[in-house]
Amino acid sequence: MITSALLDSHRDTDSPASVDESTTARALAARGGDPGAVEDFVSALHRDVLRYVAHLCGDPQAVEDLAQDTFLRALGSLHRFEGRSSARAWLLSIARRAVVDSYRHAAARPRLSCAPDWQLAVELAQPRGLPGFDDGIVLLDLLAALPDERREAFVLTQLLGLPYAEAAEVSDCPVGTVRSRVARARATLMELLDEAEGTVVPAAI
């Protein structure tokens, strides 16, 4: 259930996750020139970058290109990464800049489509055939109703599992702002979910 997995859980992700420790170790090893570590680093974070970019980007066809641009930028500046923040937070900050730069570039030419469909891009980045996949698609529909900043905060902390401090670093705002945005996003999602469930006949338990 969406409510039990995400919306009702006041999860505080301030404890460093093992995945962040391992990917940061890979990034530091890759900085030292280990080709295997470079491959492991990209492989470990590729899906997170895809999901995050898809939530920020209005063009689903550009998601893969933006993810590739993100990794090219990251690998080009990996020698400057010192591990002061997690490699994932560092990489998602680069992804955010890549999306912003793409918006600036696109502003100089006409859009081919006026209907953003970031949901489709996220769906394509999701593994299919797994338990809870349908709930994930419902959640994507609900997320579409959130303001951009709240959606970003929710995605970073509740879907990608980033600590609030690192989500603040990625979003370039205070930690308190991230917490407020997540709380408001969760409240809105709960209201939308209650409204949605009120329009259908409850299934027998």
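How high is the FRET efficiency between residue 145 and residue 177 when r is their beta carbon distance and R₀ equals 22 Å, given to the nearest 0.05? Computed FRET efficiency for residue 145 and residue 177 comes out at 0.60. In plain terms, the chain from residue 97 to residue 64 could stretch by 10.4 nm, reckoned as 0.36 nm per residue minus the Cα-Cα distance.
Starting from the residue with the highest accessible area, list 24, 157 in decreasing order, probe 1.4 Å.
Values: 24 20, 157 0 Å².
So the residues, ranked largest to smallest area, are 24, 157.
The values are calculated or read from the model by the stated rules, or taken from the named source; none is laboratory data. A quick note: this is a predicted structure, and the numbers were derived from the prediction, not measured. We place every Cβ from the backbone using ideal geometry, glycine too, and count neighbours over all the protein chains shown. Remember, those area values only see protein heavy atoms, side chains included, never the ligands or the DNA or RNA. Shrake-Rupley method; radii C 1.70, N 1.55, O 1.52, S 1.80 Å.
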